[in-house]
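The values are calculated or read from the model by the stated rules, or taken from the named source; none is laboratory data. If you're wondering where the values come from, they're calculated on a predicted model, not measured in any experiment. For neighbour counting, all protein chains shown are included, and Cβ atoms are generated from backbone atoms with ideal geometry for every residue, glycine included.
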Amino acid sequence: MHTNHSKLKTGVGLRSPHLDQFLNSSPNNVSWVEVVAENYMEHEDHFQGVSIANLEQVRSHLPVILHGVSLSIASTDPIKASHMKRLKNLIDRIQPEWVSDHLCWTGVDGENLHDLLPLPFTREAIFHVVDRIKQVQDYLGQRILIENISSYLEFTESEITEWEFLKEVAERSDCHILLDVNNVYVNSINHGFDAQDYLEALSQDRIQQIHIAGHVERNGVLIDTHSTNVRKEVWDLYRESVRLFGPIPAMIERDADIPEWEELEKEVEMISRITTEESHEAEKVAARI
C-alpha cells in the first residue's frame, strides 16, 4: 500500500523513546514517520526480531519512510551488494512510501568512518555520483531521495556551488531531493553564502521531503547535531521553503538529548502551523490576482 503523497503532511523521525506513542495508534498531528533503515535491516540473513516486529506494527496503521545513513553513494568503493540486498529485503517487507540516503561518502578502501563526509563540487564528481545513483535505482526498481549534508570545510577543487551540484545530480540521475533546511542554514553560515539563493535555485518538482533539525555553535562554527530545539533562523528558512515549494512533506529530526514526546510534539505542531499560515497567505494572494 502506498499513500497519496499529498496526504503525507507532517512527520517525525521515530526514535525508541517515543515508540510507545506509535505502536497501536499515532498522535493526531503526525501523518507519517521516518526510521533509520540500517536499524531494521537484516543481520546475518535474519531480521532483528522485536525491532522489525515493532516497525511492522507501526506500518500497519501509519506510512513509513526509510532513511539510510551508510549507502556511501559518493565513495570510490564499489556499492556494497550485501547492503543493497538487505535494503531491498527491508523495502519488500515494509513497503515504505520511499527511500532516502545522503549525498556523501562514509568510507573508502573498505573502512566505514561512521560520518557523512562532503565531496568536491566538480563535473567529475557529478558524473561519478549520478552513475552510482542510477545503479541503486535500477537495483531497487524505484527512485530514491538524496539529502544535502552539513559540512565544515570546502574544497579548492570545487567548480560550482553546492546547490548547483545538488540540482544537477538530481536532474541527471532522475532522483528526488530530501531537502534539509537546517543543513542549508548551517552551511550558509559556515561557508558564507545566502541560504535564499540555495532554495531559489532548486527545482520544485524534485523536492519530495524536508528535514528540520537543531544545531549548536562551537568556536564560531555551526554543527548539525540534531540534539537541540530548532532555531528561529531555521524555522524562518523552512517558512521560505513553503513559500517557494508549497506544502512538501516535512518532519522533525531529533537524535540526541531526545525530550519527552510532549515537548517534541510542539515542534511537530510548528511545522503544521507554518504550513497552514503560508497556505492561507498564498490563497489570499491568488484571490487578489
Among the residues that make up the stretch 14-26, is at least one of them under 18 Å from Met251 (Cβ atoms), touching a Gly at 6+ places or on another chain (Cβ under 7 Å) and among the hydroxyl-bearing types (Ser, Thr, Tyr)?
no
Which residue pairs have Cβ atoms closer than 7 Å, lie 6 or more positions apart in sequence or on different chains, and pair a first residue in the stretch 78-97 that is under 25 Å from Leu62 (Cα atoms) and hydrophobic (A, V, I, L, M, F, W, C) with a second residue that is modelled with pLDDT under 95 and surrounded by fewer than 18 Cβ atoms within 10 Å (Cβ to Cβ)?
none
What is the number of the single condition among (1) part of a strand (DSSP E or B); (2) within 19 Å of Leu179 (Cα to Cα); (3) not charged (D, E, K, R) that Ala74 does not meet?
(1)
Which pairs have Cβ atoms under 9 Å, sit 6 or more apart or on different chains, and link a residue in the stretch 181-199 that is part of a loop (DSSP other than H, G, I, E, B) to one that is not charged (D, E, K, R)?
Phe193/Thr161; Phe193/Trp163; Phe193/Asn187; Asp194/Ser188
Against the condition in contact (Cβ under 8 Å) with a residue 12 or more places away in the chain, in contact with an Asp or Glu (Cβ under 8 Å, 6 or more places away or on another chain), surrounded by fewer than 21 Cβ atoms within 10 Å (Cβ to Cβ) and among the basic types (Lys, Arg), how does Arg172 come out, does it pass?
no
Can you find even one residue in the stretch 49-68 that is modelled with pLDDT of 95 or more, surrounded by fewer than 19 Cβ atoms within 10 Å (Cβ to Cβ) and either within 23 Å of Asp115 (Cβ to Cβ) or among the hydroxyl-bearing types (Ser, Thr, Tyr) (or both)?
yes
Which is assigned to a loop (DSSP other than H, G, I, E, B) and under 20 Å from Ala81 (Cα atoms), of Gln135, Gln142?
Gln142
Residues of the stretch 168-214 being of a type in the set (Ser, Thr, Tyr) and within 18 Å of Lys134 (Cα to Cα), in sequence order, are Ser173
Can you tell me which of (1) touching a helix residue (DSSP H, G or I) at 6+ places or on another chain (Cβ under 6 Å); (2) under 30 Å from Glu217 (Cβ atoms); (3) surrounded by fewer than 17 Cβ atoms within 10 Å (Cβ to Cβ) is the one Asn112 doesn't meet?
(1)
Given the criteria touching a residue at least 24 places away in the same chain (Cβ under 8 Å), assigned to a helix (DSSP H, G or I) and farther than 22 Å from Gln21 by Cα, does Ser279 qualify?
yes
Within the stretch 116-133, can one find any residue that is under 30 Å from Ser16 (Cα atoms), loosely packed, with under 15 Cβ neighbours inside 10 Å and not aromatic (Phe, Trp, Tyr)?
no
Any residue that is more than 15 Å from Ile91 (Cα to Cα), of a type in the set (A, V, I, L, M, F, W, C) and free of Cβ contacts under 8 Å to residues at least 12 places away in the same chain - is there at least one of those in the stretch 53-66?
no
Hits in the stretch 93-123 - residues which are closer than 18 Å to Leu66 by Cα, at pLDDT 95 or above and either hydrophobic (A, V, I, L, M, F, W, C) or assigned to a strand (DSSP E or B) (or both):
Ile94, Trp98, Val99, Ser100, Asp101, His102, Leu103, Cys104
Looking at the stretch 1-47, which of the residues that are assigned to a strand (DSSP E or B) and surrounded by fewer than 16 Cβ atoms within 10 Å (Cβ to Cβ) is modelled with the highest pLDDT?
His43
The strands (runs of 3 or more DSSP E) lying entirely within the stretch 203-253 that contain at least 2 residues which are in contact with a Phe, Trp or Tyr (Cβ under 6 Å, 6 or more places away or on another chain) and among the hydrophobic types (A, V, I, L, M, F, W, C) are 207-212
Qualifying position, being surrounded by fewer than 17 Cβ atoms within 10 Å (Cβ to Cβ), more than 22 Å from Pro17 (Cβ to Cβ) and not charged (D, E, K, R), among Leu222, Leu244, Leu237, Leu199
Leu244
